[in-house]
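Report on the structure given below.
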Amino acid sequence: MNTPGSMILGWVALIVAGGGAFYYAKKDIDARRRAQEIAKTRPAEKLEWWQKVEQDEKSKSNATNIISESSSPNTGTTNQRSSGS
């Protein structure tokens, strides 16, 4: 059975591990944002979630149209095997 001391130790370990993961993730995200800011690839405006969905749908439909337009139609040639009988 778990003793109160082992429960406290478990929770402390979990909180410390979560805090460490948060710290390093935030540091990485901030560095990526700074790099995007320097490269001028970070968007200036903040979009709502539904605006992001609309942009994503538009880009997917544009990509689909480009792919379908650039693919060449099948010429109708098929591999035919001759039967020996």
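None of the figures in this text is laboratory data; all of them are computed from the coordinates on show. Keep in mind it's a predicted model, so treat the numbers as computed, not measured. Cβ placement follows ideal geometry from the backbone for every residue including glycine, while neighbour counts extend to all protein chains displayed.
Remarks
- Three semi-axes describe the equivalent ellipsoid of segment 4-64; taken as square roots of 5 times the Cα gyration tensor eigenvalues and ordered largest first, they are 39, 18, 9 Å.
- Computed label-point distance, nm, for sites residue 63 and residue 23 using a 7 Å Cα→Cβ extension: 3.8
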